[in-house]
Every structure is written in C-alpha cells, then in structure tokens.
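Asker: Structure in structure tokens, see below.
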Amino acid sequence: MNRNEDNRPIRVAQIMGKLWAGGVEAVVFNYYREIDKTLVQFDFFYDADSTVEPPQELIDMGARFYKIPPYQKLLSYSKVLKGYFKKYKYTIVHSHINTLSVFPLFIAWREHIPVRIAHNHSVPGGRELSRNILKYILRLFCKCFSTDYFACSEKAGRWMFGDRCFDGGKVTVIKNAVDFHRFRPDAAAIDRLKAQIGVESKFVVGHVGRFTYAKNHKFLLDIFDGICKVKKNAVLLLVGDGELHDEITAWVHKRNLDDKVLFTGNVSNPENYYCIADVMVIPSVFEGLSMTTVESQIAGTPVVISEAIPREAVISDGCIRCKLSDGVSGWANAALEISKKELVINEKGDEYDITARAPILARWYIETYNSQ
C-alpha cells in the first residue's frame, strides 16, 4: 500500500459532530487506535459544544483535533470548515453525523474534495417527530454530495441509502469493531470495581448507553422493578449520561428505587462495568446497531435486547431478543433466565474484531486515494 508521494501518511478528515464519551466517536477512536498510522492518519473535526475534550492518548498518536461551531450555527460552521478544507487540501472527507452529513459533504463538494463518504450509524424511530421529519428531509440530499456510502449495519444502510443502493452493492458496511482484549480484564480489577461501588454480593443488572428516548430507560426501570420482585438483592447499574438524566432520576425516585439504582455517569472504562453485570438489559426503541449489545457479549455477559436491534448484533448464544410488547414480566423472566447462561461467541463475533477490521478500512482509504 502506498502513502503520499512525499512518504507521509494520508490525512483523512473525520467529521464527528459532538463528542460525549461514547457512541460513534468510540467506534472511530477504536479504528484510529488500531490503524497503521504510518499509512493513514486522522484529523477529527468536532463541535465546540461537546461535553468532553479530545483524548490526549490519541493526540499523542498523531491525531489532530479541530473544534468547530456546531451545525446549528450554519454560517459560521460552513466558514470555519471551508477554511480547514482549503488549508489542508484533503483528498478524503469521512462524515459520521448520519443525515447531517449533508452539510459538511456539501462544503467538501464545493471545495472539490474528490472522496466524500456519508457514513450512517443510526435509524429514526419513536416519538421524536420533529427530529425524524428533519432526518427524512436531509436523507434525500445526502447522496447528492457524497461519492461513497458507508453504514454500521444493513438496517442503517438500507434506511439511509435505499434498498436499490444496498442490494446493488453500493453501500459498504463498516462493522463497529472493538478490541476484544479490553473486554476481558483480569479478575482482580473486577473485584476492586465491585468493592468500590458496593455490589460484591448483589445481582447486577447493567445498562450502558446515553440517556435518550431511544434507549427506553423508563421501560428499563419497569423491567428492573420486576426483577427485584424475584431477586431481592438486585441493583441496576446505569452507565452513561445525557439529556434525560433529570427525568430518569425522577423516575427512579418515583418507583422508590433510589437505593437500588447506581448512576456512574460517563466512564472511560465501560468494559469493566460489563464484566461486573450478571445480565445486561437493552430495551431500545430504535438502534442502528447497538454496540452495547455487541460489547456485552464480547465481555461474556448475557444480554436481553429489543427487536429494534439488528440481528447482526447477536454474536453468541447468550443473547435473547424480546418484543417491547412482551411486557415487564416477559422481559424480567428473560433476563433472569439468560443470566444463568455461560455464553459462547460464534463465528459472527470475528467480524467485530478491530485487529481484523482496521486494516480493511486502511486499505480502502489507500486504494481509493491512489485511484484519484
């Protein structure tokens, strides 16, 4: 594989949106950690109103981070991003902000950047009517300014780019891969964490995810309440944060579960929290893929998920898909039953191994760069 003519690595502009210590950024950061940085380097563009700062670890590896106005301030967003595109003369712009990719890719098109990737990581759903209307409108324009189509799953690819594009082989599915070794920490580290948060003798129900409508925390609390009727020593571990934090806290209080629900906030080592759970419960209303589902299984923790989560996320015999209409008792019983299982990862799990997937992405960048 070749690099630039002056033997420097290819710089790819990664459009990230807001950084909030999870989700899409975790996926892209995983690829960056593993990719051959003598061949490919990433420049990350992120919104000025992000809730976290760029990881110093990645900066030390050679990544560059540029803070730009959020897209809501469209004029200043366009001016600043255009300035960076002019200055660094990128060949490849890779946008991860789903339907909002229309904005940076339009700017990249105007600047004659030859490779413009629209990467979809989600699907619409639920009650977010105004957001969904905007997504459906913007989706119509995303293909206008992109040259290549990426998605995290078949479901996300078909929704964003259409069945004809997907069936015609025009959509590349980039798996949300992870470092398997991170999700298998030593027993001593897990014991220390259990002692630190006081769950040594508890039945731990876990959930990792942003506090948003899509994750369905209200129903999760109902399910947990049902589990508590059987497991008196049960606790619910909520890893993450988000705009619904205050509402979720109020729901916990209303159900008199204050002493049984633990809020960790955003953490830098979610892999350890998967490992202290007896079962993970993911009753999402909609998902593009659900990395929590994949990571739970990699960590060896059984998981119950909603049918909104694509089958691609099921990579073991320790994962049960339930309908939201199955109700509290159906979900609680499924969680209690699957918690007894020692899961085994199947061959589909290999598709999420970052050591195998990162070289494939690097090869795509380099071959596409060389073809320009």
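Asker: Assuming residue 121 fulfils every condition listed in (1) at pLDDT 95 or above; (2) open to solvent by less than 60 Å² (accessible area, probe 1.4 Å); (3) on the phi < 0 side of the Ramachandran plot; (4) of a type outside the set (A, V, I, L, M) apart from one, which condition is it?
Answerer: (1)
Asker: Just to be sure I understand the filter: pairs with C-beta atoms under 6 Å, separated by 6 or more residues or on different chains, first member in the range 134-158 and free of Cβ contacts under 8 Å to residues at least 40 places away in the same chain, second member assigned to a helix (DSSP H, G or I) and surrounded by fewer than 21 Cβ atoms within 10 Å (Cβ to Cβ). Which pairs pass?
Answerer: Final answer for the pair search is 157/166; 158/166.
Asker: Take residues that are open to solvent by 40 Å² or more (accessible area, probe 1.4 Å) and tell me which of the helices (runs of 4 or more DSSP H) falling wholly in the range 284-372 contain 1 or more.
Answerer: 327-338, 354-370
Asker: Given the criteria within 24 Å of residue 178 (Cα to Cα) and small (Gly, Ala, Ser), does residue 22 qualify?
Answerer: yes
Asker: For residues that are more than 21 Å from the chain's Cα centre (by Cα) and either assigned to a strand (DSSP E or B) or of a type in the set (S, T, N, Q) (or both), tally how many sit in the range 217-254.
Answerer: Selection size over the range 217-254: 5.
Asker: Of 88, 77, which residue is closer than 30 Å to residue 8 by Cα, among the hydroxyl-bearing types (Ser, Thr, Tyr) and surrounded by 16 or more Cβ atoms within 10 Å (Cβ to Cβ)?
Answerer: Answer to the selection: 77.
Asker: Oh, and also: Name the residue, out of 189, 214, that is assigned to a helix (DSSP H, G or I), within 30 Å of residue 148 (Cα to Cα) and in contact (Cβ under 8 Å) with a residue 60 or more places away in the chain.
Answerer: 214
Asker: Quick one: which strands (runs of 3 or more DSSP E) sit completely within the range 1-120 and have at least 3 residues that are of a type in the set (Val, Ile, Thr)?
Answerer: Fully inside the range 1-120 and qualifying: 10-17.
Asker: Could you list, in sequence order, the residues of the range 308-337 that are within 18 Å of the chain's Cα centre (by Cα) and charged (D, E, K, R)?
Answerer: Passing the criteria: 311, 312.
The values are calculated or read from the model by the stated rules, or taken from the named source; none is laboratory data. These numbers were taken from a predicted model, which means no experiment stands behind them. Here the Cβ is made from the backbone with ideal geometry for all residues, glycine too, and neighbour counts use every protein chain on show. Ligands, DNA and RNA are stripped out before the accessible areas are found, and what is left, the full protein with its side chains, is counted by its heavy atoms. Shrake-Rupley method; radii C 1.70, N 1.55, O 1.52, S 1.80 Å.
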